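Q: I'd like to ask some things about the structure below.
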Amino acid sequence: MTPARPCGRAQSHLGLIFGTLYPAYSSYKAVKSKDIKEYVKWMMYWIIFALFTTAETFTDIFLCWFPFYYELKIAFVAWLLSPYTKGSSLLYRKFVHPTLSSKEKEIDDCLVQAKDRSYDALVHFGKRGLNVAATAAVMAASKGQGALSERLRSFSMQDLSTIRGDGAPAPSGPPPPGPGRASGKHGQPKMSRSASESAGSSVLCV
């Protein structure tokens, strides 16, 4: 059994650069020159390269231990690009085009259904997100209002206690008696005493 070796990231990046930069520049030249033949050629290449990249995502997980795996991938990309082998045109005309032509209607129906379902799901989750956000905003506002009222209430209580501490409390009972009232109280016995003395003198005179 062949021992597993670490996957070579350098070869993978080299194949990706070699398989994208040169074809991208060649596609630019084809679009600029409006050459239909070159345009169709590079469109077929990009379709094959997209399928190759999709398959590569899974093969890198399970076949990276295979000897010369990354070197074989680079050789395959070179075979696709070569103007002598015309690998991308060959694969497209022999396999991809017939398969897509026979399954085109089914693929279109699946895409339409997926588009509708994704739109419905987006609207559904969007509504749920808005409801959650609105509920959170209302709860935050109510909590903030309660905290604010408690804060204001504490401030008002502190202010009242400060005012009471600064001023003297007003007397709740009747005002203390003045000097005039006191003299009146003490003067009543004196008046009755003088009246009794005058009454006694009048009796003696009789």
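The values are calculated or read from the model by the stated rules, or taken from the named source; none is laboratory data. Quick caveat, the model's predicted, so the values are computed rather than measured. In this analysis, Cβ positions are derived from the backbone assuming ideal geometry, glycine residues included, and neighbour counts consider all displayed protein chains. For accessibility, only protein heavy atoms count, side chains too; no ligands or nucleic acids. Shrake-Rupley method; radii C 1.70, N 1.55, O 1.52, S 1.80 Å.
The rows are residues; the columns are (1) small (G, A, S); (2) surrounded by 15 or more Cβ atoms within 10 Å (Cβ to Cβ); (3) outside any loop (DSSP other than H, G, I, E, B).
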site: I17; (1), (2), (3): no, no, yes
site: A30; (1), (2), (3): yes, yes, yes
site: V40; (1), (2), (3): no, no, yes
site: T53; (1), (2), (3): no, no, yes
site: T57; (1), (2), (3): no, no, yes
site: P67; (1), (2), (3): no, no, no
site: S101; (1), (2), (3): yes, no, yes
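Q: Can you say whether T54 is under 20 Å from Y92 (Cα atoms), of a type in the set (S, T, Y) and out of contact with any Asp or Glu (no Cβ under 6 Å at 6 or more places or on another chain), as far as the supplied structure shows?
A: When the stated conditions are applied, T54 passes them.
Q: Using beta carbons and a limit of 6 Å, which pairs, at least six apart or on different chains, have the first residue in segment 23-34 and in the same structural domain as L80 (by the TED database) and the second one open to solvent by less than 100 Å² (accessible area, probe 1.4 Å) and among the acidic types (D, E)?
A: Within 6 Å, the pairs are A30/E38.
Q: For segment 71-92, what are the residues that are more than 20 Å from T54 (Cβ to Cβ) and either among the charged types (D, E, K, R) or touching a residue at least 24 places away in the same chain (Cβ under 8 Å) (or both)?
A: Hits for segment 71-92 are E71, K86.
Q: Follow-up. So how many residues does segment 72-99 have that are basic (K, R) and open to solvent by less than 60 Å² (accessible area, probe 1.4 Å)?
A: Result for segment 72-99: 1.
Q: Just checking, which of L72, L80 is modelled with pLDDT of 85 or more and in contact with a helix residue (DSSP H, G or I) (Cβ under 7 Å, 6 or more places away or on another chain)?
A: Only one candidate passes the filter, namely L80.
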